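The values are calculated or read from the model by the stated rules, or taken from the named source; none is laboratory data. All values reported here derive from a predicted model rather than from experimental measurement. Every residue, glycine among them, receives a Cβ derived from its backbone with ideal geometry; neighbour counts consider all protein chains shown. The accessibility values were calculated without ligands, DNA or RNA, using every heavy atom of the protein model including side chains. Shrake-Rupley method; radii C 1.70, N 1.55, O 1.52, S 1.80 Å.
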Amino acid sequence: MVMKVLGIETSCDETAAAVVDAERRILSDVVRSQLAEHAPFGGVVPEIAARAHVEMLDGIVRRALDDAGCAIRDIDAVAATGGPGLIGGVIVGVMTAKGIAAAAGKPFVAVNHLEGHALTARLTDGTAFPYLLLLVSGGHCQLLIVEGVGRYVRLGTTIDDAVGEAFDKTAKLLGLGFPGGPAVAAMAEGGDAARFDLPRPMKGRPGCDFSFSGLKTAVRHVVDALPDGAIPREAARDLCAGFQRAAAEAICDRTSHAIRIFRSRHPGGAALVVAGGVAANTVLRALLEQTAEREGLRLVAPPPLLCTDNGAMIAWAGLERFRLGLTDGADFAPRPRWPLDESAAPAPFAGVKA
Ligand code: KG4
Ligand code: ZN
């Protein structure tokens, strides 16, 4: 029998469960977004998220098992996101997974949410270690060398906002709704990215760190300079296109530095992997493709639905850990903060979730 793992994700505003097997098949993948619950508040409200996870999770796990055509006895291990994330939600997922594992006599695996994103390329493309990872999401913006399961070397991180946060704030400023990434991307269609002069933060500086607060401020200045009243659609379109291009160019500049460091440490390393919600952005993907090609690497970008939060990535990371004998006990405590590279210094400024 091929090994199968059930994975549960509840660290933010998606309640998700999935079953994957060791032959890299996604047997089921159920994602229930809480968008409607949070939209009136313009962002994720932790208490509302935790309550929605409690209400939805049992049904979603049942559907994931049904869709996969298996009973819990057919599963080899139960994995759940153990952090980092909104602690109320993480507790719901961990308690549920521990309960199912104990009742069914199966091992429990606590998965680092970021490792779920980081290993997705091995599920979708079978990418071999080592590879360079660009992790771009709502809470993170990092460049890491992935040497193996649980083995990460951080080359750079954001010194202020994560790039997803910058997308979300830009959308809010323009009244485009939440979550901002897809809204900004949609609004940018056909826009003139060169109309407004926006900075490419950190471009040309040594190292691999990111910064997005200057770009966010520049967007606000453009909006403030517009005549009072509703923002004209054309201005919003061009500003979204400009913001998206500036963010993507800044990311590619930092990534090209990281590629050189990666290649010097791992001359045989062949892949640049992009992961996390912002990896769904098509402009970023296209620019990264060029950057990777110029620097001699292959870009691996999972399909957009596996870039944003989902259960399959947690099931897969759980499977990778389980087959190495890395399981967790009933005493595992959820971790609101859980860096992939525990030896990396905290990011230089406060408020960074790296
Ligand atoms: O990985 P993810 O689903 O959740 C976190 O772990 O943070 O990432 C969510 C982030 C949000 O900031 C969202 O606006 C952004 O990813 N995002 C995008 C796109 N789709 C989602 N940003 C830019 N373009 C997109 N198409
Ligand atoms: Zn995520």
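For the reader, a short list of remarks on this structure follows.
- For Arg254: the one exception among (1) within 16 Å of Ala162 (Cβ to Cβ); (2) open to solvent by 20 Å² or more (accessible area, probe 1.4 Å); (3) of a type outside the set (Val, Ile, Thr): (2)
- Qualifying position, being open to solvent by less than 20 Å² (accessible area, probe 1.4 Å) and either polar (S, T, N, Q) or touching a Cys at 6+ places or on another chain (Cβ under 8 Å) (or both), among Leu239, Leu297, Leu288, Leu272: Leu288
Residue-by-condition table, conditions (1) among the polar types (S, T, N, Q); (2) assigned by TED's automatic domain parsing to the domain that holds Ala97; (3) farther than 26 Å from Ala166 by Cα:
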{"residue": "Thr10", "(1), (2), (3)": "yes, yes, no"}
{"residue": "Ala36", "(1), (2), (3)": "no, yes, no"}
{"residue": "Ala39", "(1), (2), (3)": "no, yes, no"}
{"residue": "Gly43", "(1), (2), (3)": "no, yes, no"}
{"residue": "Pro46", "(1), (2), (3)": "no, yes, no"}
{"residue": "Asp58", "(1), (2), (3)": "no, yes, yes"}
{"residue": "Ala71", "(1), (2), (3)": "no, yes, yes"}
{"residue": "Ile75", "(1), (2), (3)": "no, yes, yes"}
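- Subset of region 205-223 [in a loop (DSSP other than H, G, I, E, B), open to solvent by less than 60 Å² (accessible area, probe 1.4 Å) and away from ligand 1 (no atom under 16 Å from the Cβ)]: Gly207, Cys208, Asp209, Ser211
- Among the residues of region 99-124, those identified as more than 13 Å from ligand 2 (Cβ to nearest atom) and within 17 Å of the chain's Cα centre (by Cα) are Ala121, Arg122, Leu123, Thr124.
- Each residue in region 168-185 was checked for being within 10 Å of ligand 1 (Cβ to nearest atom) and open to solvent by 10 Å² or more (accessible area, probe 1.4 Å), and 8 of them qualify.
- All positions within region 148-163 that are open to solvent by 20 Å² or more (accessible area, probe 1.4 Å), in contact (Cβ under 8 Å) with a residue 60 or more places away in the chain and of a type outside the set (A, V, I, L, M): Gly150, Arg154, Asp160
- Per the listing Ile48, Ile91, the residue uniquely assigned to a helix (DSSP H, G or I), open to solvent by 10 Å² or more (accessible area, probe 1.4 Å), out of contact with any Lys or Arg (no Cβ under 8 Å at 6 or more places or on another chain) and touching a residue at least 60 places away in the same chain (Cβ under 8 Å) is Ile91.
- Residue list for region 265-296, filter: away from ligand 1 (no atom under 16 Å from the Cβ), in contact with a Lys or Arg (Cβ under 8 Å, 6 or more places away or on another chain) and in contact (Cβ under 8 Å) with a residue 40 or more places away in the chain: Gly269, Ala270, Ala271, Leu272
- Answer residue from region 62-85, given it is outside any strand (DSSP E or B), among the hydrophobic types (A, V, I, L, M, F, W, C) and under 17 Å from Leu319 (Cα atoms) and is nearest to the chain's Cα centre (by Cα) among those: Ala64
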